[in-house]
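First up is the structure itself, then whatever we jot down about it.
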Amino acid sequence: MNAFGSPIAWHKEFADTLVLYCADGRFVRQCEDFLTNGLKVATCDHFVVPGGAGWLVLDALTLHAYDAAREHIGFLVQAHALQRAVLIAHEDCGFYRHRFPHATADELFQAQIKDLRQAATTLRGWFPQLTVEMYYARVEGERVEFVPVQ
C-alpha cells in the first residue's frame with residue numbers, strides 16, 4: 001500500500017473535549033457524525049472501549065476496567081487540560097448483553113442509563129473541572145438518534 005495523505009487539516013492545539021463511547025463498529029461513524037455535526041465538536045480526545053462509560057462503574061466485574069479507565073482518562077484530562085466530557089451509550093450493546101445475559105431490552109436500557117449517570121458522577125468526582133454530558137444512541141429505522149440523558 002502506498003502512503004495515504006489525509007485531506008483533513010491537522011490542529012496542533014489539544015482538544016478541550018473527551019468523548020467516551022462503545023467500540024461497536026455499527027455506531028462509530030454515527031457517533032463521529034453526532035460529535036462533529038450535532039455537538040459541533042471540531043476535535044476531541046477519544047476513549048473508545050467495549051461498553052464505553054460502563055468502564056467507569058465500579059463493581060466486582062469491572063474493577064480492572066475501572067482502574068485502567070482512571071489511569072488513561074486521567075492522563076488525557078491532565079495532559080490536555082480537558083474541560084468537557086461527552087458520554088454516549090447505545091442500543092443493543094454487546095457489552096451489556098454479555099454482563100446481563102437474561103435481561104430484557106428495557107432492563108439493559110435501564111442499566112445503561114444508570115451506568116451513564118454513575119459514570120458522570122465518577123468523572124465529576126475525579127475531575128471537578130469537567131462539564132459532563134450524557135447521550136443515548138438508539139436506532140430509529142435506518143438512522144441513529146442521539147437522545148440527551150439527564
Residues of the range 73-87 being assigned to a helix (DSSP H, G or I) and of a type in the set (S, T, N, Q), which ones?
78
Before we move on, is residue 130 surrounded by fewer than 21 Cβ atoms within 10 Å (Cβ to Cβ), at pLDDT below 95 and of a type outside the set (Ser, Thr, Tyr)?
no
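For every residue, the table says whether it meets (1) buried (at least 19 other Cβ atoms within 10 Å of the Cβ); (2) under 22 Å from residue 39 (Cβ atoms); (3) aromatic (Phe, Trp, Tyr).
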position	(1), (2), (3)
81	no, yes, no
89	yes, yes, no
99	no, no, no
114	no, no, no
120	yes, yes, no
150	no, yes, no
Identify all residues within the range 3-35 that are touching a residue at least 60 places away in the same chain (Cβ under 8 Å) and not in a helix (DSSP H, G or I); write none if there are none.
14, 15, 16, 17, 18, 19, 20, 21, 22, 24
Pick out the one residue from 89, 65, 85, 79 that is farther than 23 Å from residue 139 by Cβ, at pLDDT 95 or above and under 15 Å from the mean Cα position of the chain (by Cα).
85
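Residue by residue, here is whether (1) out of contact with any Gly (no Cβ under 9 Å at 6 or more places or on another chain); (2) more than 20 Å from residue 24 (Cα to Cα) holds:
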residue: 77; (1), (2): yes, yes
residue: 80; (1), (2): yes, yes
residue: 101; (1), (2): yes, no
residue: 108; (1), (2): yes, no
residue: 116; (1), (2): no, no
residue: 123; (1), (2): yes, yes
What number of residues within the range 36-78 satisfy the criterion of being free of Cβ contacts under 8 Å to residues at least 12 places away in the same chain and farther than 22 Å from residue 113 by Cα?
6
Considering only residues that are closer than 25 Å to residue 125 by Cα, part of a helix (DSSP H, G or I) and out of contact with any Lys or Arg (no Cβ under 9 Å at 6 or more places or on another chain), which ones fall in the range 36-54?
52, 53
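The values are calculated or read from the model by the stated rules, or taken from the named source; none is laboratory data. Just so it is clear, the model here is predicted, and its values are computed rather than measured. Quick reminder, even Gly has a Cβ in these numbers, built from the backbone with ideal geometry, and neighbours come from all protein chains shown.
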